[in-house]
Every structure is written in C-alpha cells, then in structure tokens.
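Have a look at the structure below before the remarks.
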Amino acid sequence: MSAAPTPLTTEPQLIQRANALRTLIVAARREEKTVGLVPTMGALHAGHLSLVDAAADHCDLVVVTIFVNPTQFNDANDLAEYPRDLNSDVAKLAEHGCQLVFAPPVEEMYGPHHATFVEPAGVAEPLEGAHRPGHFRGVATVVLKLFNIAPADVAYFGRKDYQQCLVVKQLVRDLNVPIEIDVLPIVREADGLALSSRNARLSPQERRQALAIPESLQAAADLVQSGETSAETIRLRMRSHMEQAGVKVDYAELVEEGDVTPVDRVTGPTVALVAGCVGKTRLIDNRTIG
Ligand code: AMP
C-alpha cells in the first residue's frame, strides 16, 4: 500500500523585530512583488485562514501578524485569558501560503516611552466603542503601526468585526495610508456560530447558549423576510431570543449597511449587529438583512 502524498507545506519565516519585517517587505516591493497583510491576534481558526487564503490568491508575498495588542483590551482579565498558541498558528500558516509571520514581543510594539495614539471618532463611537472604552483607540493605533511596519499593497480583514472594518477604512482614508482594505465574509461553524478565538473558552453548556447569538440574527432575517420593517420590533426579538438563552446582551442593533447609523425601518440594505456575554466570554456577530 502506498502512503498518501504529503501536502506541500513551507514553514513561514518567524520575525519578531519591526525593522527586520519592514526591510523584507520593502525589498519584495522593490522587486515588484505584491504584498498582502493579514493582521490577527493569533489562536488561528478557519476564519483567519480564509483571509490568509485570499491574500495568497491575490498577492506574491503573504504576511500574517500575530500580536495580542494590550492597548485594545479594556478588560485586564480578557487580555490575560486571551488564547495564545504560536507554534500551532505557525504550523497552520505553513499550509496556507504564508511566507512571513510577524509575532513581536509587546516591548517591540510599545517601548517604554511610547506616547502616541490614534483617536478614531465617527464610526468608532457607538456600539463596540460605547461598550469597550478605548478599544478602537487601541485598534487604530496598532493597525496604523502594523501598516507602517508592513507597508503592504492590500490588508485583509473579516466582516465578523464589522465596525472594526469601518474604523480601519476611516483611518486609511483620513490619514492617507496607501493601502487597500479588503473585507471578507464571516466563516461559521456548521451550526451557525461565528468562528472566534474566544469560542475556545466556552464550556459545553456555554457553547450551546452561544448559539442563540446567530439564531437571533436568523430571527431578524426571518422577520424581515416575512414583511416586518419596524427596527424596534426586530431589535426586541433579537434581544429577547438571546436573553432567553442566558446571554447577557450588550446591544442588538440595526444599522445602515456600510455605516453605524441606526435605522428606524428596514427598507434597504441593513446590518443586524449583536454583542453579549456568555458566562465570562464576550462574543459579537452580525448579518446583513433586508
Ligand atoms: P482577531 O484575531 O480576532 O483580531 O481577528 C483577526 C482578523 O480575522 C480580523 O480581521 C477578524 O475580523 C477576522 N476574523 C475573525 N473571526 C472571523 C470569522 N469567523 N470569519 C472571518 N473573519 C474572521
């Protein structure tokens, strides 16, 4: 019996220093290679890997950053308990066409005299911005730093973090950052739960409760499908569905597609956005309805 062929994998180069990464990327671009950047906080799953696959499909050089950014955590416990597994992340990336992994120590990103932050307003203010003070300030700061350290042609983000995508697009527009932002669809488990590094923290019972989150979005879509246009009615349905399952709801909102402005009536492209805690784990999700 012949052995099954081993899939072709190339171990990516692991880089910890900002200057080392920048030098490699500048050299690649001088050779007219296109560079794709995928910023992550690691504990990689199929959602992250879908971004890496897109980068590999469109770019000559794929760079993945793995950095659990302390400045975007408003909750010290969440930061302390955030899952980390660099070895397994690198092994996964080897199978998805990533050549460079940037995994800097915290001191490399925030030296002892670091004192400059990006303060995003506008689309950063409501929803996550209101419930996680300082979160988008940390996100915008680290994303701009990563764009400067890794001057790529395209950066890939997931629609799972809908508001984050808007904040990053606003940042790039407002501060004239020469990079294209590509947003890719949410990858879900077979039962509908959006993949998230934080899912690993759910107990089996919490995992069942968490299903109420995508179910509430489905309920919103069903209501719209059946002719309901009142945002208030739909919001209440989403909230009560999650609350009945024991999810502590932060918000259940309906906004205009491509923005964070709440709608009163669902008459055009609308995004249902939800956030809540299952036990100690905070999860977010969204879905286009109408
Ligand atoms: P994170 O590691 O949570 O900071 O996520 C890194 C990137 O992966 C972000 O652009 C996320 O939006 C994206 N991402 C996370 N989960 C998913 C998912 N289930 N589907 C698609 N993209 C995702």
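Filtered by the rule that a residue be in a strand (DSSP E or B) and within 10 Å of the ligand (Cβ to nearest atom), the range 154-171 gives ALA155, TYR156, PHE157, GLY158. Yes or no: ALA115 within 16 Å of the chain's Cα centre (by Cα) and either modelled with pLDDT of 95 or more or away from the ligand (no atom under 15 Å from the Cβ) (or both)? The answer is no for ALA115. When each of THR71, THR65 is tested for being under 30 Å from LEU202 (Cβ atoms), among the polar types (S, T, N, Q), outside any helix (DSSP H, G or I) and within 16 Å of the ligand (Cβ to nearest atom), the lone residue that passes is THR65.
Among the residues making up the range 183-201, those that are in contact (Cβ under 8 Å) with a residue 24 or more places away in the chain and more than 10 Å from the ligand (Cβ to nearest atom) are GLY192, ALA200, ARG201. Which of the residues that make up the range 42-61 are within 14 Å of the ligand (Cβ to nearest atom) and outside any loop (DSSP other than H, G, I, E, B)? Within the range 42-61, ALA46, GLY47, HIS48, LEU49, SER50, LEU51, VAL52, ASP53, ALA54, ALA55 meet the criteria. Taken together, PRO151, PRO204 contain a single residue that is away from the ligand (no atom under 12 Å from the Cβ) and within 30 Å of ASP60 (Cβ to Cβ), which is PRO151. In this structure, ALA94 qualifies as surrounded by 14 or more Cβ atoms within 10 Å (Cβ to Cβ), in contact with a Ser or Thr (Cβ under 6 Å, 6 or more places away or on another chain) and of a type in the set (A, V, I, L, M). Among the residues of the range 68-90, those identified as more than 18 Å from ASN199 (Cα to Cα) and touching a residue at least 40 places away in the same chain (Cβ under 8 Å) are ASN69, PRO70, THR71, GLN72, ASN74, VAL90.
Filtered by the rule that a residue be part of a loop (DSSP other than H, G, I, E, B) and within 16 Å of the ligand (Cβ to nearest atom), the range 23-41 gives a lone residue, MET41.
The single condition among (1) small (Gly, Ala, Ser); (2) in a loop (DSSP other than H, G, I, E, B); (3) in contact with a His (Cβ under 9 Å, 6 or more places away or on another chain) that GLY97 does not meet is (3).
Remark: pairs (first residue in the range 220-241, within 15 Å of LEU273 (Cβ to Cβ); second residue in a loop (DSSP other than H, G, I, E, B); Cβ separation under 7 Å; 6+ apart in sequence or on different chains) = VAL224/VAL266; VAL224/GLY290; ALA231/VAL263; ALA231/ASP264; ALA231/VAL266; ILE234/GLU228; ILE234/VAL266.
The values are calculated or read from the model by the stated rules, or taken from the named source; none is laboratory data. Values in this document were obtained by computation on a predicted structure and should not be read as measured data. Methodologically, a virtual Cβ is constructed for each residue, glycine included, from the backbone with ideal geometry; neighbour enumeration extends over all protein chains shown.
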